[in-house]
Each structure stands twice: as C-alpha cells, then as structure tokens.
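Novice: Can you read through this structure? Questions will come right after.
The values are calculated or read from the model by the stated rules, or taken from the named source; none is laboratory data. Keep in mind that this is a model prediction, so the values were computed, not measured. Every residue, glycine as well, gets a Cβ built from its backbone with ideal geometry; the counts of neighbours run over all protein chains shown. Heads up: the accessible areas ignore ligands, DNA and RNA and are worked out on the full protein's heavy atoms, side chains in. Shrake-Rupley method; radii C 1.70, N 1.55, O 1.52, S 1.80 Å.
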Amino acid sequence: MDYYLTLINQLFLGALVTLKFFILIGIVSLFFGLLVSILGLVSNSFIKRIINIYVLIMRGTPLLLQLITIYFGLPIIGLSLSRTVAVLIAFALNYSAYFSEIFRGGFESIDKGQFEAAFVLGMKKRDTYKKIVLPQVIKRVLPSISNEIITLVKDTSLIYVVGLGELLRMGKIASNRDASLVPLLFVGLIYLLIIYALTKLLKRWERSYGYFE
Amino acid sequence: MDTLSNIVEINNLTKKFGEKIIFKELSINFKEKEITVILGPSGIGKTTLLRCICGLETVSDGEITINNQPYIKFGEVVDKKNTQKVLNDVGLVFQDFNLFPHLTVYENIRIIVKDDKLVKYWLTELGMFEKKDLYPFELSGGQKQRVAIARALILKPKLLCFDEPTSNLDSSLKMNIASIIKKISKTGTSVIIITHDELFADAVADNIIKFTDLSTNVSCR
Ligand SMILES: Nc1ncnc2c1ncn2[C@@H]1O[C@H](COP(=O)(O)OP(=O)(O)OP(=O)(O)O)[C@@H](O)[C@H]1O
Ligand SMILES: [Mg+2]
C-alpha cells in the first residue's frame, strides 16, 4: 500500500509539471496563433511569405526535433536557455503555427457579406473584427482547436528529452527503478483522466457557442 | 420641370472585372427623394452598380457624386480620409440581408447605434420589436429583411439602396415591403431598388430605369 502511495505521489508531481506546461503553452500559443493569423490576413505579401515559411517549418518537422534544436542546438551558437524556457519557446512556436492555421481557416470561412455589412454600416475595422468576425470565427474553429489542445496534453510528454520531470518521465523512472510496468499503467490512466476532464470542459465551451448558427 | 436635385450622379462610369467590361461610360442620375427602380436582365451589372455606389467596389474610370459631395473622380476615391463621411449618407439592404448571426435582432441594431430609444423606435416601426430577442436563424425571410431595413435606417441615410428586396418574399409580403419603402420615401429618403419583379416595380416606383446593355456607352438621364 505504501508503495502505491509513494508512487502516486511521485506521479502526481509529474502530472503537475505536465499540467503547468500544458496551461502555459496552451495560453501563449492560442494568443500568438490568433495574432499570427490576423497578421497574415492584414499584412503585405512579404510578411505573408515569412509567415508561410514559419508555418511550413513548424508543421514540416517533428516537434521533438525542434525542441532538441532549441535546447541542445542553440548553445552551440552561444545561446543557452534554461530547460523551462527552451521547452516553452519550442512548444509555443510549434503550437502557434498550428493554431494560426486553424484561425486563418476560420477567418477565411466567414462570409464576406459580414465584412461588407459592417463596412456599409460604418463600423470601424477594429470593431468589425472584434465584435462581428471573431465570435463567429471562434465558433467555427473550436472543434479543431479542441483537437489540437488535446494533442498538446500528450505532446508535453516530449519534454522528457530535456530532463524535466513531467508525468511520463516520472513514470519511466519509477518503472525502471521497480522493474515494473505498473507505474506506466498509472501514467496512462492519469493522462486519460486529464483528457477526459478537458474534453468535458471543451465540449461545454463549444456548447456555449451553440446559441447561433 | 426639374425641381429636385440628384442624390447620386454618375458620369462616364466604367467598371471592369479584370478584362471583362461590366459597364462602359455609364451616365445616370438618381433623383433626390424619389424611388427609382432599376430593372434589367440577370448578369448585366445591376448589383455591381449598386456596390459601386455603396463603396463596396472600386471602379475603373468615371465619377460618382453622392448628395453633392464628389465621391469618385477619374475612377479614384476623391478624399480617402472622408470616404466614410460620404458613405454615411448611403444605406444598403443586401439581397441576403447579411444580419450578424451571433447577435439578437436587438443587438444587430444596437451594435450600430448605441441608443436604446432609437433601436426600440425603429424595431417598432418595422414591426419587429416583439422579436427583438430572437437570433437571425430563428426569423423568416421577411422578418430578416425588416431587421436589415431597421438596421440601415437607424443611421438616417439620405439614400437607401435595396438589392432584390423581394427575392425572398411571397406576394403578400412583397406588398408589405412596398408600403414600407414608400413610407421611408415619404420621410424624404431617396431610394434605389434593383429588382426583376416588374409588378413590384410598378407598385413602388416613382421612376423606372430599364437596363438592356451596359457594356456600351449608356446614358440615362
Ligand atoms: N467579383 C467579381 N469578379 C468577377 N466578375 C464579377 C464579380 N462580380 C460580378 N461579376 C460579373 O459581373 C457581371 C454583373 O454581375 P451583377 O451581379 O452585377 O449582375 P446583376 O445584374 O446584379 O445580375 P442578377 O440580376 O442576376 O443579380 C456578371 O457577369 C458577373 O459574372
Ligand atoms: Mg444582382
């Protein structure tokens, strides 16, 4: 019994690290994803090109490789980052790219009549985006965003390469130490639990936009 | 005889989409305080003309003057900083209304003018106050249209344009819209209507303009 208590305690600490990174990365990436998508919509073709290249790199290479490059590669050119910062930057860069693509699709799916109506009614561009377009975009993109958010929870397990004690790493350490697969089973259960709760929450969020069509 | 001045004057207006000429050196005036109906076959450029007047399309060449303010000259917007000021005189009711789907009837109008009394006044005027808490998807075509009209009228435009206002309506609603438009006109608002519906045109118009071919020089005055 004591064994399980200490095990759960260790895994709990790991889960906290996982959750901490998940929440931070999630918020930062959603914010920058939205920003990049709007930038891509309103700016000139040069900036659009840069954004396209950025998205291509982020989606075209494995996140693990990106993380390794930032944490182990950057010190070679004299830029060493702490583990936490390296993880945050790598994940935020990667997830912002995905989110920005989702938001871009959302913006592009909005009927141009909405923009035109706002224009004819003398609304300012800023208000048009904030009050007319964005609420409709959010409704459209929520299912894809939810998917991506759930993937993010699981992707945080990649953090183990830099040696931070997130959930999967704590499980592995315990598993090696005890020569048992039980810790990993528990790890799986904890992920499942987190994602179950998150799914409920996201569904509720989606439903809160169900009042219009 | 011509005692009324013009709300819109169009001179030698040319509009192309790429290489395709929609209208060439079109000149046409719309009288102030009158209801002018434009009839014409599909695809001839009626909607495009209305969109040029409302600032939704660029033009290739020519002039547009709105309420005696030069708006477009030599195919360019005259005073970019004051575009909105000129266009404030123009309202447009879109063919498919373009209500904001995430806002209630009330909010659809309140978002334009933050004056509850005015919002209430116009919704009541168009018989939509009881439906104020519904969302656009809960309305019929005719109800949506009345919300769209209220939303355009709250800005007190000197000119109100309608693109195919009867295309979503059955015949009794058409006459209802005709009387609403006449009432709007009586208050001194100029109206331009595009339609295919000759009966409706006869019921509502002070002037009827028939377009046949706009891609050669046209002048209707
Ligand atoms: N954005 C656009 N790009 C290219 N061509 C366009 C565009 N909008 C309209 N056109 C073309 O311009 C022509 C005129 O279109 P418009 O919508 O003004 O016709 P209309 O007279 O309103 O027709 P309808 O009675 O069917 O509504 C059409 O041939 C159409 O294909
Ligand atoms: Mg048309």
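Novice: Going by the conditions given, is A:GLY113 within 14 Å of chain B (Cβ to nearest Cβ), out of contact with any strand residue (DSSP E or B) (no Cβ under 9 Å at 6 or more places or on another chain) and crowded, with 21+ Cβ neighbours inside 10 Å?
Specialist: Details: within 14 Å of chain B (Cβ to nearest Cβ): yes; out of contact with any strand residue (DSSP E or B) (no Cβ under 9 Å at 6 or more places or on another chain): yes; crowded, with 21+ Cβ neighbours inside 10 Å: no.
Against the criterion (within 14 Å of chain B (Cβ to nearest Cβ), out of contact with any strand residue (DSSP E or B) (no Cβ under 9 Å at 6 or more places or on another chain) and crowded, with 21+ Cβ neighbours inside 10 Å), A:GLY113 does not qualify.
Novice: Could you check region B:1-97 for strands (runs of 3 or more DSSP E) lying wholly inside it with 3 or more residues that are more than 16 Å from ligand 2 (Cβ to nearest atom)?
Specialist: By residue number, B:6-17, B:20-31, B:61-66, B:69-73.
Novice: Only one of B:ASN12, B:ASN67, B:ASN29 is over 19 Å from the mean Cα position of the chain (by Cα), more than 10 Å from ligand 1 (Cβ to nearest atom) and either modelled with pLDDT of 90 or more or open to solvent by 20 Å² or more (accessible area, probe 1.4 Å) (or both). Can you tell me which?
Specialist: Every option except B:ASN12 fails the conditions.
Novice: If I go through region B:146-167 residue by residue, how many of them are under 13 Å from the mean Cα position of the chain (by Cα), away from every other protein chain (no Cβ under 13 Å) and more than 16 Å from ligand 1 (Cβ to nearest atom)?
Specialist: Total meeting the criteria: 1.
Novice: So which residues in region B:104-113 are more than 8 Å from every other protein chain (Cβ to nearest Cβ) and free of Cβ contacts under 8 Å to residues at least 40 places away in the same chain, if there are any at all?
Specialist: Correct list: B:THR104, B:TYR106, B:GLU107, B:ARG110.
Novice: Exactly one condition in (1) within 14 Å of chain B (Cβ to nearest Cβ); (2) within 30 Å of B:ILE53 (Cβ to Cβ); (3) open to solvent by 30 Å² or more (accessible area, probe 1.4 Å) is false for A:GLU108; which is it?
Specialist: So A:GLU108 meets the others, but not (1).
Novice: Oh, and also: Of (1) surrounded by fewer than 19 Cβ atoms within 10 Å (Cβ to Cβ); (2) more than 10 Å from chain A (Cβ to nearest Cβ), B:ASP96 satisfies all except one. Which?
Specialist: Here B:ASP96 clears every test but (2).
Novice: Considering only residues of region B:32-64 that are closer than 19 Å to B:ILE181 by Cβ and polar (S, T, N, Q), which is farthest from ligand 1 (Cβ to nearest atom)?
Specialist: That would be B:THR36.
Novice: Could you grab me the full set of residues in region A:116-156 that are open to solvent by 60 Å² or more (accessible area, probe 1.4 Å), more than 8 Å from chain B (Cβ to nearest Cβ) and in a helix (DSSP H, G or I)?
Specialist: Residues satisfying the conditions are A:LYS125, A:ARG126, A:LYS130, A:ARG140, A:PRO143, A:ASN147, A:LYS154.
Novice: Given the criteria more than 17 Å from A:LEU24 (Cβ to Cβ) and β-branched (Val, Ile, Thr), does A:VAL153 qualify?
Specialist: So A:VAL153 does not fit the description; no.
Novice: While we're looking at this one, here's another question. Among the residues of region B:155-170, is there at least one that is in a helix (DSSP H, G or I) and of a type outside the set (Gly, Ala, Ser)?
Specialist: no
Novice: The conditions are (1) out of contact with any Leu (no Cβ under 6 Å at 6 or more places or on another chain); (2) more than 13 Å from chain B (Cβ to nearest Cβ), and A:ASN94 fails exactly one of them. Which is it?
Specialist: Among (1) out of contact with any Leu (no Cβ under 6 Å at 6 or more places or on another chain); (2) more than 13 Å from chain B (Cβ to nearest Cβ), A:ASN94 violates only (1).
One line per residue, one yes/no per condition, for (1) surrounded by fewer than 20 Cβ atoms within 10 Å (Cβ to Cβ); (2) of a type outside the set (Val, Ile, Thr):
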position	(1), (2)
B:ASP115	yes, yes
B:LYS132	yes, yes
B:ARG146	no, yes
B:THR187	yes, no
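Novice: Quick test of your reading of the structure: B:ILE35 fulfils all but one of (1) surrounded by fewer than 22 Cβ atoms within 10 Å (Cβ to Cβ); (2) modelled with pLDDT of 90 or more. Name the failing condition by number.
Specialist: Among (1) surrounded by fewer than 22 Cβ atoms within 10 Å (Cβ to Cβ); (2) modelled with pLDDT of 90 or more, B:ILE35 violates only (1).
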